[in-house]
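The values are calculated or read from the model by the stated rules, or taken from the named source; none is laboratory data. Values in this document were obtained by computation on a predicted structure and should not be read as measured data. Glycine gets a Cβ as well: all are built from the backbone with ideal geometry, and neighbour counts include every protein chain shown.
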Amino acid sequence: MASLYLRPQHLVGSRVLSASLLNRNGAAAAFNSAALRNVASLHSASATPIRWSSSRLPLTNPIIPACRFLTTPTSPVLLPNATPSAKPDTSGAELEAWISDPAQYVVSVRFPDGAVTAFDSIWLRDHCRCPACFHQVTKQRLLDTCSIPADIKPTQMVVSADQTKLDISWANDGHVTSYDLAWLRKHSYAPKLQPVEPAGRKRPKLLWDREIAQTIPSVRFDDVMNTEEGLAKWLENTDIYGIGFVDGVPTTPEATEKLARRIAFIRETHYGGFWDVSANMAHGDTAYTAIALPAHTDTTYFTDPIGLQLFHILEHSGGVGGESLYVDAFHVADRLRTSHPWAYDVLSRTRISAHSAGDANTHIKPAHTFPILNHDPATGALYQIRFNNDDRSPLVGLSPADVREFYAALREWTKLMRDPANELWIKLQPGRAAMVDNWRVLHGRASFTGYRRLTGAYINWDDFRSRVRTVLDKEDV
Ligand SMILES: [Fe+2]
Ligand SMILES: [Zn+2]
């Protein structure tokens, strides 16, 4: 029998607003609070009998305050002798911790602003950050999670006088865990007190059309290369706009490569590492021709498409054309969601494949199919665009109705993408480099004549985000 359990996703106080049922394979089904009130509906929603997990059921019950722990570090309260007290006064501005579910030893914490959240004891013990349980340098867990007794419970909880720490002593071995309250709040889950940041984002994206694009800021090469502030500004621009310009770049491959490596190491692919492209068909890809390229993202054929792409045209002589095209695909998606919600839905769920097979020894395909619009499964937020109509593989596995729906949705997407109001056309001059978020901004180019030398590099999305966290956000785990 498959073992299913209820995992609360959103709780207010002790009330479960929504939950997922997961089986061993991780397949999930979501239920809202109305459905949760009726256990029978859960049974009927799954062909497999459901075994309720007793450790989770009490979360749906009202809070039963048993013990109250105040901000008095000099007089810690011992659980076995504690007298049950009323639920702490919600009007108080003090930080408090108490056992809200004595049966399961769920610890509730009230923050000075009145926000209350709950933690399971096993979760708290598992997240001990002391040097014995967590390596202070490598930031890796040293504790064997399975060594924690399933019925672990606190014997004592003390909030520090300055209200920044909560110390919990554990019944099984007397180990003491000291929690930073800001850390606890950041990682709270029942309910989550800080919004989940889609795909690790700290700052909102500023969506742009052609008009707004004229104001996308630029940074100077020397500032980026020689100052932490310059690098931070470049990262911030790239994060906010999905495109970060750098001016004053020496028109050499060496300087351009150094610029790319200022963010992270270069991702090597079948095109090589740092690339130096002209219309010479060095690889079997239209990028190595002089024909126009419609707006697209690169490497849709990879399971993990490249995150950033640097463009720097070192020379264009003896001809015309070759203007660069950029489109904020998150803006296009936003417009599509408003004007044709059905098309947005189709492009969010129709799974398609892509390939790169232009070189004799290359035949790349992703591990599985992906839609054009990809959403964070936890938050539902759009986080990645995968769109290259030229690299799209044969459409398979769809019903005739789904096929027709896909082409109709693709038509609406393309119309919005090609709306001149959404297109930023720039004649990139030597000395101006553009770093583009390939998970968000589409790029293309006009056909050209003459000799056009384009240099650049790929950088992984995870490595870009790592730099944003360390240079800009100074974010700890
Ligand atoms: Fe491209
Ligand atoms: Zn510890």
Discussion item. Anything in region 322-348 that is of a type in the set (G, A, S), assigned to a helix (DSSP H, G or I) and buried (at least 20 other Cβ atoms within 10 Å of the Cβ)? List them, or say none.
Written reply: A329, A333, A343
Fill in: In region 128-149, the residues that are within 9 Å of ligand 2 (Cβ to nearest atom) and part of a loop (DSSP other than H, G, I, E, B)
C128, R129, C130, P131, A132, C133, L142, L143
Discussion item. Is it the case, given these coordinates, that G307 is at negative phi and modelled with pLDDT under 95?
Written reply: no
Discussion item. If I filter region 165-172 for residues that are over 18 Å from Y105 (Cα atoms) and touching a Leu at 6+ places or on another chain (Cβ under 7 Å), do I get at least one hit?
Written reply: yes
Practice prompt. Determine whether region 136-158 contains at least one residue that is within 30 Å of V327 (Cα to Cα) and of a type in the set (V, I, T).
Written response: no
Item to complete: Considering only region 256-284, state which residues are farther than 27 Å from V471 by Cβ, out of contact with any helix residue (DSSP H, G or I) (no Cβ under 9 Å at 6 or more places or on another chain) and either modelled with pLDDT of 95 or more or of a type outside the set (G, A, S) (or both).
Response: H270, H283
Response to the item:
In region 98-155, residues that are of a type in the set (S, T, N, Q) and touching a residue at least 12 places away in the same chain (Cβ under 8 Å) total 7
Worksheet entry | Single match in R452, R465 (criterion: of a type in the set (K, R) and either in a strand (DSSP E or B) or loosely packed, with under 15 Cβ neighbours inside 10 Å (or both)) | R452
Discussion item. Looking for something modelled with pLDDT under 95, near ligand 1 (Cβ under 10 Å from one of its atoms) and part of a loop (DSSP other than H, G, I, E, B) - is there at least one such residue anywhere in region 285-299?
Written reply: yes
Discussion item. All but one of (1) in a helix (DSSP H, G or I); (2) in contact with a strand residue (DSSP E or B) (Cβ under 8 Å, 6 or more places away or on another chain) hold for V219; state the number of the condition that does not hold.
Written reply: (1)
